[in-house]
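Student: One structure follows; several queries about it will come next.
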Amino acid sequence: MIIGGSASQDLAAHVARELGEELCYVETRKFPDGERYLRISGELEDEVTVIQSTGYPQDENLMELLFIIANLKDLGVKKVKAVVPYMGYARQEKRFNPGETVSAKIICDLIQSAGADEFITFNIHEECVLNFFDIPARNISAMPAIAEYLSKKLSRQGKDNPLVIAPDKGAYGFAQEMSAIIGCDCTYLTKVRLGPDKVETKIVDVRCDSESENTVNVDSVKGMNAIIIDDIIATGGTIVNAINILKQYGASSVDVCCVHPILTNNGATRIYAAGADKIIGTNSLSSDTSRVSLAKAIADALRE
């Protein structure tokens with residue numbers, strides 16, 4: 001049985017369809033004072049999967065997730081799997097300054113205390129966050145789903161042999177994973193300090209295939225269909241910088257891909273203004289750029 005929270009109802013419906021499972025209806029509304037009412041309809045089974053992202057508004061979506069989990073356990077459900085495609089508050093897994101809240105640990109504690117027996121998420125910003133759970137917790141990659149979408153898109157457009165670029169070294173693993181699936185080269189951008197007040201962003205020369213003599217360099221970008229990949233895009237500043245560099249080096253087109261399209265402060269507008277052809281995100285969060293469905297990936301994980 002599948003239950004979709006307010007933030008992920010469409011995704012939950014598609015997961016239920018993939019699995020051939022029943023989709024359980026949740027009635028939720030706000031009282032005049034802002035408090036939330038929640039009622040689960042229908043006859044429940046022994047095992048239920050709750051699908052609910054905890055993006056903006058984070059507090060409301062998180063409380064709803066906790067209410068659903070705790071209510072299911074109170075109603076007698078024996079096993080509750082919590083699928084949180086995007087996990088809010090997961091970017092602070094330690095104290096960077098004295099007195100700071102380790103928000104990721106608190107969220108994990110709350111989900112587990114509510115009664116979740118298993119936790120699944122996608123491309124969490126720091127995988128060590130899952131160590132805060134005492135229950136089984138999995139971090140699934142959305143790169144295969146994004147790569148499949150891109151392969152079909154490029155094939156329709158007659159664009160062969162794209163170049164996958166990470167906007168910084170931290171995202172290079174995503175670029176490597178996706179390029180291996182698509183069957184193309186990849187590289188990343190890095191910042192080089194030229195002086196006290198001068199920093200240059202450049203493309204790193206990377207050997208893409210251990211059996212090949214080819215490397216990705218500035219000349220390799222000219223005329224290429226570039227694909228930028230990252231896990232999260234928020235304000236888009238890093239992505240805009242990457243687009244400018246790729247355009248400067250002569251890329252013929254630039255698609256921007258991410259797992260979690262947060263896109264705050266007119267992030268999407270800034271990215272398109274910089275020259276991106278398309279912003280392609282998953283439906284871990286609902287937005288105009290959520291073009292890649294995670295339903296099959298979630299269904300496959302639940303079958304395991």
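Student: For the structure I just gave you, tell me whether Ala116 is assigned to a loop (DSSP other than H, G, I, E, B), crowded, with 18+ Cβ neighbours inside 10 Å, assigned by TED's automatic domain parsing to the domain that holds Asn71 and at pLDDT 95 or above.
Tutor: Taking the combined requirement at face value, the residue satisfies it.
Student: Quick one: in the range 262-304, which of the residues that are in a helix (DSSP H, G or I) and in contact with a Phe, Trp or Tyr (Cβ under 9 Å, 6 or more places away or on another chain) is surrounded by the fewest Cβ atoms within 10 Å (Cβ to Cβ)?
Tutor: Ala297
Student: Among (1) in contact with a helix residue (DSSP H, G or I) (Cβ under 7 Å, 6 or more places away or on another chain); (2) assigned to a loop (DSSP other than H, G, I, E, B); (3) β-branched (Val, Ile, Thr), there is one condition Thr49 misses while meeting the rest; what is its number?
Tutor: Of everything listed in (1) in contact with a helix residue (DSSP H, G or I) (Cβ under 7 Å, 6 or more places away or on another chain); (2) assigned to a loop (DSSP other than H, G, I, E, B); (3) β-branched (Val, Ile, Thr), Thr49 misses just condition (2).
Student: Let me ask you something else. Give all pairs with beta carbons closer than 8 Å in which a residue from the range 52-75 that is closer than 15 Å to Leu110 by Cβ meets a residue that is modelled with pLDDT of 95 or more and acidic (Asp, Glu); count only pairs at least 6 apart in sequence or on separate chains.
Tutor: Gln52/Glu64
Student: Which residue out of Asp59, Asp33 is in a helix (DSSP H, G or I) and exposed (fewer than 15 other Cβ atoms within 10 Å of the Cβ)?
Tutor: From the options Asp59, Asp33, the qualifying one is Asp59.
Student: Those residues that are farther than 20 Å from Ala16 by Cβ and assigned to a helix (DSSP H, G or I), I need them from the range 62-87; list them, please.
Tutor: Hits for the range 62-87 are Leu62, Met63, Leu66, Phe67, Ala70, Lys73, Asp74.
Student: Would you check if Ser155 is among the polar types (S, T, N, Q) and within 23 Å of Gly55 (Cβ to Cβ)?
Tutor: Taking the combined requirement at face value, the residue does not satisfy it.
Student: Now a separate question. Does Leu72 count as modelled with pLDDT under 95 and surrounded by 15 or more Cβ atoms within 10 Å (Cβ to Cβ)?
Tutor: no
Student: Moving on to the next point. Could you check, for the range 206-224, whether at least one of its residues is in contact with a strand residue (DSSP E or B) (Cβ under 6 Å, 6 or more places away or on another chain), modelled with pLDDT under 70 and in a loop (DSSP other than H, G, I, E, B)?
Tutor: Yes, that holds for at least one residue.
Student: Pull up the range 75-87, narrow it to residues that are out of contact with any Lys or Arg (no Cβ under 7 Å at 6 or more places or on another chain) and surrounded by 16 or more Cβ atoms within 10 Å (Cβ to Cβ), then point me to the one that is farthest from Ala301 (Cα to Cα).
Tutor: Ranking the candidates gives Val77 first.
Student: Please find, among Ile124, Ile146, the residue that is over 19 Å from Gly55 (Cα atoms) and β-branched (Val, Ile, Thr).
Tutor: Ile146
Student: A further question follows. Taking Ile227, is it crowded, with 18+ Cβ neighbours inside 10 Å, at pLDDT 95 or above, outside any helix (DSSP H, G or I) and out of contact with any Gly (no Cβ under 9 Å at 6 or more places or on another chain)?
Tutor: Spelling it out, Ile227 is indeed crowded, with 18+ Cβ neighbours inside 10 Å, at pLDDT 95 or above, outside any helix (DSSP H, G or I) and out of contact with any Gly (no Cβ under 9 Å at 6 or more places or on another chain).
Student: Residue under question is Gly76, and the condition is that it be of a type outside the set (Val, Ile, Thr) and in contact with a helix residue (DSSP H, G or I) (Cβ under 9 Å, 6 or more places away or on another chain); does it hold?
Tutor: Considered against the rule, which asks whether it is of a type outside the set (Val, Ile, Thr) and in contact with a helix residue (DSSP H, G or I) (Cβ under 9 Å, 6 or more places away or on another chain), Gly76 comes out as no.
Student: Let me ask something else. Can you tell me which residue within the range 88-113, out of those that are among the β-branched types (Val, Ile, Thr) and assigned to a loop (DSSP other than H, G, I, E, B), is surrounded by the most Cβ atoms within 10 Å (Cβ to Cβ)?
Tutor: Of everything passing the filter in the range 88-113, Val102 is surrounded by the most Cβ atoms within 10 Å (Cβ to Cβ).
The values are calculated or read from the model by the stated rules, or taken from the named source; none is laboratory data. Because the structure is a prediction, the values reported are computed rather than measured. Here Cβ is always computed from backbone atoms with ideal geometry, including for glycine, and neighbour counts include all displayed protein chains.
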